[in-house]
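One structure below.
Read-outs throughout are calculated quantities, based only on the coordinates presented, and are distinct from any laboratory measurement. The structure presented is a predicted model; accordingly, all values stated were derived computationally and were not measured. Neighbour counts run over all protein chains shown; Cβ positions are idealised from the backbone, glycine included.
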Amino acid sequence: MDAQRPQAGADNVQADRIELLRRWILGVLVLGLLGTVTELVLLEHYEQPLQFVPLVLIVAAVAVLIWEFRQHDTASRRAVQIVMALFVLAGFVGFVAHFYGSAEYQLELNPEMSNWELMEKVLRAKAPPLLAPGMMLQLGLLGLAYMFSDPRFRRSEMK
């Protein structure tokens, strides 16, 4: 029995460290959500229907995170997981949308441009910023890391 006691203490220390790390992840995620939505609103990123996607996803993320924080049930965990997976998808879709938007603009300026010149111009363009949708990808991955690091989540999935 005494041999089990030190192990239980080590498990508690490990659990405390994981919970502290989870809180930091959640804090960074919330700051990222607030910062991103603020930037998108200030940049008026709502002029076209596709531009509403990140705004809607951020509102959905805040809602499901509040739900998860209060309930800690299977449905809330699944909702967070789904919304965060949608963030990852939105990051890739946003990258493609920014790429095509920039390429279209560059071709309007110079329709005789070669493919290589077009690629170079798109990669260096400031509007729309090609890598900006990567923030959605990062936020989604942070949210998934937060969910999958929850010991209650892992236990409930194994049942």
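Placing +1 on the Cβ of each Lys and Arg and -1 on the Cβ of each Asp and Glu in segment 28-154, which of GLN138, LEU86, VAL28 has its Cα farthest towards the positive end of the resulting dipole?
VAL28
Quick one: net charge around GLY143, please, counting Lys, Arg +1 and Asp, Glu -1 for every other residue with C-beta under 13 Å from its C-beta. Show your work: numbers first, answer last.
Numbers: positive: ARG22, ARG77, ARG78; negative: GLU68, ASP150.
Net local charge, GLY143 excluded: +1.
For segment 39-54, just list the computed ³J(HN,Hα) in residue order, Karplus coefficients 6.51, -1.76 and 1.60, θ = phi - 60°, integers in Hz, with x standing in for Gly and Pro.
Per residue, the Karplus-derived 3J(HN,Hα) values read 4, 4, 5, 5, 7, 6, 7, 8, 7, 10, x, 5, 6, 6, 3, x Hz.
What does the charge count near ALA132 come to, summing +1 for each Lys or Arg and -1 for each Asp or Glu among other residues with Cβ under 11 Å from its Cβ? Intermediate results must be reported in sequence, preceding the final value.
Values: positive: LYS126; negative: GLU39.
Net charge in that neighbourhood comes out at 0.
Could you work out Rg/(2.2 N^0.38 Å) for the chain, with Rg from alpha carbons only?
On the way: Rg = 20.9 Å, N = 159, 2.2 N^0.38 = 15.1 Å.
Cα Rg divided by the expected 2.2 N^0.38 Å: 1.38.
Taking GluC sites (Glu not before Pro) that fall in a DSSP loop and have at most 16 other Cβ atoms within 10 Å as cut points, what is the longest piece of the chain between them?
Value returned for the longest uninterrupted segment is 48-111.
Kindly state, to the nearest 0.05, the FRET efficiency for TYR100 paired with VAL56, given R0 = 35 Å and r defined as their beta-carbon distance.
Numbers: r = 21 Å, r/R0 = 0.59.
Calculated value: 0.95.
Sort 56-62, 95-101, 9-15 for me by packing, meaning the mean count of neighbouring Cβ atoms within 10 Å per residue, highest on top.
56-62, 95-101, 9-15
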